[in-house]
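These notes concern the structure reproduced below.
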Amino acid sequence: MRKHLLRAVAVTLSAGMLLTACANTSSSTEAKTADSVIVRAANGDVRIAAPPKRIVSLSPTATEMLFSIDAGKQVVAADDQSSYPKNAPRTKLSGLSPSADAIAQYRPDLVVIDADRNGVVSALNKLRVPVLVEPAATNLDESYDQIADLGIATGHSKQASQLASRLKQQLATALDRVKDKLSRHSYYHEVDNTYYSLTSKTFLGSIYSMFGLSNIADAAAVAGNNYPQLNSEYIVRANPDLILLADVQCCGQSAVAVGKRPGWNQMRAVSKQHVVELDADSASRWGPRIVEFAQAVAAALQKF
């Protein structure tokens, strides 16, 4: 389970961030012809027959985005990690180790993935299947860009724009709920129970920063690694005001379990009951359900 979590977060987010930083800064560009559109994604300009009718999504976040912009009926297959929404056509396809041959069996006219692994983009292009690479976002603007990309690609630009506007409003509402509590409270975000965490340079880190929170992991990060592994002594010494657990489902962690760790009951977050049990999906994806994550942070701050 521990390895599974690190794949879901460190691979999907951290590896994807490299592609994002290099190539996703000019996404959401649209050029229409009589029967196609061109979308500028992380892998360059991609021409897509408009609209695609057989989409394969190999990214759980992309799956959520597609369904949220009313393109769900065009999705014929989703990867094995696409657990939401419940009616997504989840298959045994892997986005972490994609196989062009396995994907091709679904006769896709568009494939969406978060990174080009196993040379899958080139292999699918040889089969004349267009591929959009939409890497892990590092901030909200990049997430909104990806929603716009998928809207253009699927013929649902209006719905994509409406979704982005709705998310912005919902996030603003979450912030407004705690506008009198925005301060430099410190926090520790736990990715798994071996004390992997994340820095402010990650997508979730940017959300925490919106709430004025200070990340204890930032001081422990080394260049190029935004998911440092801390240790118990470091965390206790940092004495965060707030602890957020993203390892409840994977690793059986809880506020009670954290309180039983040696020395942890002395920390402010534990003694004052500021330990939050997060939903693993909303804490590892950069799609529409980021609002749920933000609302959980806001609810935690309201208790201060």
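Once you have a ≥ b ≥ c as the square roots of the Cα gyration tensor eigenvalues for segment 35-148, tell me rounded if a/c is under 1.5, and otherwise prolate or oblate according to whether a/b is larger than b/c. Walk me through the numbers before you get to the answer.
On the way: a/c = 1.20, a/b = 1.04, b/c = 1.15.
It comes out rounded by the Cα gyration axes.
Remind me, relative contact order of the chain in percent, using alpha carbon pairs under 8 angstrom and six or more residues apart?
17 percent
Can you bin segment 178-302 into rounded, prolate or oblate? Criterion: square roots of the alpha carbon gyration tensor eigenvalues sorted a ≥ b ≥ c, rounded for a/c under 1.5, prolate for a/b above b/c, oblate for the rest. Intermediate values should be presented prior to the final figure.
Values: a/c = 1.25, a/b = 1.15, b/c = 1.08.
The shape class here is rounded.
Contour minus end-to-end for LYS272 and GLN170, with contour as 0.36 nm per residue of separation and end-to-end as the Cα-Cα distance?
On the way: separation 102, 0.36 × 102 = 36.72 nm, distance 2.84 nm.
So the extension gain works out to 33.9 nm.
Can you pull the one-decimal nm distance between simple spin-label points at MET210 and ASP101, each 7 Å off the Cα toward Cβ?
Between MET210 and ASP101, the simple spin-label model gives 4.4 nm.
Do the alpha carbons of any pairs in LYS158/LYS201; LYS86/LYS158; LYS181/LYS272; LYS53/LYS158; LYS201/LYS260 sit beyond 26 Å of each other, and which pairs?
Working: LYS158/LYS201 31 Å; LYS86/LYS158 24 Å; LYS181/LYS272 16 Å; LYS53/LYS158 18 Å; LYS201/LYS260 30 Å.
Too far apart for the 26 Å limit: LYS158/LYS201; LYS201/LYS260.
Can you give me the C-alpha center-to-center distance between segment 136-188 and segment 90-134, rounded to a whole angstrom?
For segment 136-188 versus segment 90-134, the Cα centre distance is 27 Å.
Can you show me the helix-derived [θ] at 222 nm for the chain, built from DSSP H runs with n ≥ 4 at -39,500 (n - 2.57) apiece and divided by the number of residues, rounded to the nearest 500.
-10000 deg cm²/dmol
For log10 I(q)/I(0) by the Debye sum over Cα atoms at q = 0.06 Å⁻¹, which listed value, (1) -0.18; (2) -0.20; (3) -0.27, comes from the coordinates shown?
Calculated log10 I(q)/I(0) by the Debye sum over Cα atoms at q = 0.06 Å⁻¹: the matching label is (2).
Simple spin-label model, 7 Å along Cα-to-Cβ: SER94 to ARG261 in nm?
3.0 nm
What list do you get for ASP145, ASP70 if you sort them by fewest beta carbons within 10 Å?
Numbers: ASP145 23, ASP70 17.
Ascending Cβ contact count within 10 Å gives the list ASP70, ASP145.
Note down the nm distance, to one decimal, between modelled labels 7 Å out along Cα→Cβ at SER186 and at GLN229.
Between SER186 and GLN229, the label points sit 2.3 nm apart.
May I ask you to sort TRP264, TRP286 by Cβ crowding, counting other Cβ atoms within 10 Å and putting the fewest first? Walk me through the intermediate numbers first.
On the way: TRP264 18, TRP286 31.
By the 10 Å Cβ count, ascending: TRP264, TRP286.
We did not get these values from a lab; they are worked out from the coordinates using the rules stated. In this text the structure is predicted, and so the values were computed from the model without any measurement. Because the Cβ atoms are built from the backbone with ideal geometry, glycine has one as well, and the counts that use them run over all protein chains shown.
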